[in-house]
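Following: one structure in structure tokens, then a few remarks.
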Amino acid sequence: MAPKAVAPAIVDGDPQTYENENVHAIYDKIASHFSSTRYKPWPIISVFMSSIPTGWIGLDAGTGNGKYLPLPLDRPSDILTIGLDRSINLLRLARHAGESRATREVVWGDVLGHCWRPGVFDYAISIATIHHLATHERRIEAVKRLLESVDPQHGRILIYVWAIEQDELSKRQIPTGDDDSDRRGKDVVVPWVLSQPAEPARRGGSEAPTEQRVFNRYYHMFAKGELSGLVHGAAADLGMHVGEPSALASKQLHPIRGVEIVQDGWERSNYYVELRCWQTSE
Amino acid sequence: MVRLITHNLLACHVKGCTSNNFPLQFRDVQIELREAEFNPDFLRGFMPKLEWKALVDASRQLGDTSLPPEVPEMLDDDFLKNLHHVLLEIHVEEGVMTCPNCRHEYPILNGIPNMLLAEHEIG
Ligand SMILES: [Zn+2]
């Protein structure tokens, strides 16, 4: 397979419109092909899901084809993860994700929405999603929604995004520029080549039985430290401390909310952070 | 599949609609019953998160009257099996959920609730 080229992108106009055209519409078109290539959970995510206590419920913000909804595989009914996505065609696949015939809980919505009772989830994951948001502010908003969605006392969060720093086996070729992408990340489009029989709606026309179409999906490739920077920005907006709970005096007049970054790492071309929320008692 | 476990978590998020925006009211529903694995430990762990009255009201709207109006003190197997059925085995496949406050309607199509808002409705 030839290396997939990645081209620089310029986000202009309304970011919501830009995402609609360069992310959501594309996932709806490539859903089943995309899904057939996405079945293996990354190790860090499997470990995180295995560590979730029995009886907890969670949100998968940007669930895609729902491949994390059946986890943990060794005790699937111990926890319940609800999948949220913008792409209805991916959700239709997510509804039946996994080996068993179990029906998954999925909701059609936006990761910038907040269609939940505040703090009702015990954990939230957002895997390969926030990098599709087209501005820094919107990426901070997405992290805020995650922090607001989980329990202030014990909520746990795992976020995964695509990194500029690619592993050696990656097929991607990343354009190098003379800009400050080391610090602020890089906006790119990544081609998805869809090679399949012509869509049913278009059969009977002059189309060949198979066709190749290229869809350019927008990504923001994260710079090192940028993801934890989003956490700091989101926490500041919500009046939350970033750090360990023990770092504060135990006696406070009002409860203090905080979030600890318990892991900040890189795995196979992605950056991830694991967060734990905490709150001091009155 | 909006099951009642999910319904118990959903709230209206139209701009400015921040009180009395839960629980959403079902209308014109079609339901399907599908068996799920009974896991009492999951149910016990999840119970503190439940809004009990909302669950009881919603289950009655869907024609299930097995849950008592108050959470019982003893969480015995009979109770937990009823709770399991109500939370995890009743699937709302089609219908509408209406906000009790602003009356916004969230449709359910092919088991998937549409919680997307138009740009001007986003808070
Ligand atoms: Zn409302």
ask   = Anyone know which of A:Ala134, A:Ala234, A:Ala25 comes out most mobile in the 10 Å Cα GNM of chain A?
value = A:Ala25
ask   = Where is the GNM fluctuation largest for chain B (alpha-carbon springs, 10 angstrom cutoff): B:Val86, B:Val71, B:Val56?
value = B:Val71
ask   = Given the Cα-Cα distance of A:Arg75 and A:Ser36 and 0.36 nm per residue of separation, how much length would full extension add, in nm?
value = 11.6 nm
message = Could you work out the relative contact order of chain A? I mean the mean sequence separation of Cα pairs under 8 Å and 6+ apart, divided by the number of residues, in percent.
response = 19
task = Give me the net charge of B:Asp28's neighbourhood, meaning all other residues with Cβ under 14 Å from the Cβ of B:Asp28; Lys, Arg count +1, Asp, Glu -1.
result = -2
Stokes-Einstein D in µm²/s, Kirkwood radius over Cα pairs - the protein assembly as shown at 4 °C with 1.567 mPa s viscosity = 58
query = Rounded to the nearest 5, what % of the DSSP beta bridges within the protein assembly as shown are antiparallel ones?
reply = 70
remark   = Restricting to Cα pairs under 8 Å and 6 or more apart, the percent relative contact order of the range B:71-116 works out to 26
Cut-off 9 Å between beta-carbons: net charge of the residues surrounding A:Ser195, Lys and Arg +1, Asp and Glu -1 = 0
ask   = GNM, chain B, Cα, under 10 Å: largest mean-square fluctuation among B:Met97, B:Met47, B:Met74?
value = B:Met74
ask   = So which GluC sites (Glu not before Pro) in the range A:48-142 are both in a DSSP loop and have at most 15 other Cβ atoms within 10 Å of their Cβ?
value = A:Glu99
Entries in A:Lys40/A:Lys186; A:Lys144/A:Lys224; A:Lys67/A:Lys186; B:Lys49/B:Lys81; A:Lys144/B:Lys15 that, when Cα-Cα distance is taken, lie over 24 Å = A:Lys40/A:Lys186; A:Lys67/A:Lys186
Cβ-based charge dipole, the range A:28-81, positive-most Cα from A:Pro70, A:Gly58, A:Ser36 = A:Ser36
Centre separation in Å (Cα based) which lies between the range B:1-32 and the range A:79-96 = 17
For chain A, calculated [θ]222 nm from helices alone, where every DSSP H run of n ≥ 4 adds -39500 (n - 2.57) = -6000 deg cm²/dmol
query = Which whole-number percent is the relative contact order of chain B (Cα, under 8 Å, 6+ apart)?
reply = 42
query = Per the Debye formula with a single identical scatterer at each Cα and no solvent contribution, what log10 I(q)/I(0) holds for the range B:2-117 at q = 0.10, 0.11, 0.18, 0.19 Å⁻¹?
reply = -0.29, -0.36, -0.92, -1.01
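Quick note: the coordinates plus some simple rules give every number you see, no bench work behind them. All figures in this text were calculated on a predicted structure; none of them were measured in a lab. Neighbour counts run over all protein chains shown; Cβ positions are idealised from the backbone, glycine included.
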